[in-house]
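Input: a single structure, listed below in structure tokens.
Throughout, read-outs are computed from the coordinates displayed, never taken from laboratory work. Computed from a prediction, not measured in an experiment: that's the story for all the values here. Every residue, glycine among them, receives a Cβ derived from its backbone with ideal geometry; neighbour counts consider all protein chains shown.
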Amino acid sequence: MKKYLLMFLLCACAWGCAACAGKQQADSEPVSESEETAETTVVTTTTTAETTTVTTTTTVDYLAASDMKLEVKTDTVRPAKCTAELKNTGSEAQHYTLDFRIYEKDGEKERLCKELEDYEPAAAQDRWLAPDETAELNYEWSARYGDLQDGTYILEALLGSTAEDPDDPESPQRKLVARAEFEMDSAGFVPQFIIDPEDINPQGIVLHIKNANDVPRYYAMTYHLYDESRTPRVELLGEIDKEAQLHGNNYMPAGGELVLVYDWSNSYGSLVEGEYVLEIPLLAEGEKEGKIYRIPFEIT
């Protein structure tokens, strides 16, 4: 009997050790993490006439403020900027920021303008506007969107946030906005770029520039060539314009013209069929930094 009892105790001990070892092994194995699914939410900008839907990755709702009125001063509208007045028509102080967005309007449709690839937004600081007080705001969008083409646009000033339910501080926040429509007429402010179809070939182009009537401009004698047929676009060439340097043809008086001949056959070769963009900098008289102008053309 003692012999059988001893054998039973030895078996129980072995079984317990095996179970303990199995538990330690299970605890030491890493637990696989579940994959995170990136979601794209929809933000709506609510106006009195319609709702504009913008695809974004934020969850903030934008709501038109009833007691903040925005008005663009038409005589200040330029392709790169404008001045607007923001007025508090309510009975309480309201806060606002200098942040903004631009929509391109086509009939009843609105489309949020596309930001430039190298744009880095600055932090928006809250400011306060007392009842019946008006603030004059300067909006410069060239660094964010580039110069605007002729057409109808919506300027949307981003104000403060408000709780969806004022009695519940935990309710979702909605961003208040004020909106104003304006027309862009670039005549007299933006140079015109003309390429005769006969002057386009795979080895180069001839570009005619008609300067605007506002100020003289200088061509910086550099250019960049991009292939727009690829996504994302590919830079093919970026160099000094040797022809312009040789002849010194880089000055345009107000209302004047300039003819630039580009030949990239030695630097790059021949372009294949596709869509391309030539980018050149022009410096207006009195400016410290020039603007980059995009000239699209097609090789067929």
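Some points to look at:
- Principal axis extents of the C-alpha atoms in the stretch 140-190 (largest first, rounded to whole Å): 53, 20, 11.
- Model label sites at residue 247 and residue 89, defined 7 Å from Cα along the beta-carbon direction, differ in position by 5.7 nm.
- Three principal axis extents describe the C-alpha atoms of the stretch 192-299; from largest down they are 38, 27, 23 Å.
- Candidates per trypsin sites (Lys or Arg not before Pro) in the stretch 101-189, loop by DSSP, up to 16 other Cβ within 10 Å: 114
- With an a/c value of 1.5 or above and a/b larger than b/c for the gyration tensor axes a ≥ b ≥ c computed over the alpha-carbon atoms, the stretch 52-159 is described as prolate.
- A Förster distance of 45 Å, applied to the separation of the beta-carbon atoms of residue 275 and residue 165, puts the FRET efficiency at 0.35.
- For the stretch 69-177, applying the loop criterion from DSSP together with a ceiling of 12 other beta carbons within 10 Å to the chymotrypsin sites (Phe, Trp or Tyr not before Pro) yields 119.
- A straight line joining the Cα centroids of the stretch 96-114 and the stretch 222-300 runs 29 Å.
- Most to least packed among 262-268, 161-167 [average Cβ atoms within 10 Å]: 262-268, 161-167
- Tail weight of P(r) past 15 Å, computed on alpha-carbon pairs of the stretch 94-150, percent: 61
- Efficiency of FRET between residue 135 and residue 300 - r from beta-carbon atoms, R0 30 angstrom, step 0.05: 0.05
- Each of 82, 113 was scored by other Cβ atoms within 10 Å of its Cβ. Arranged with the fewest first, they read 113, 82.
- Site pair residue 210 and residue 237 shows an inter-label distance of 2.7 nm when each label is modelled 7 Å from Cα along Cα→Cβ.
- Cα-projected label distance for residue 149 with residue 181, points at 7 Å along beta-carbon direction, nm: 2.0
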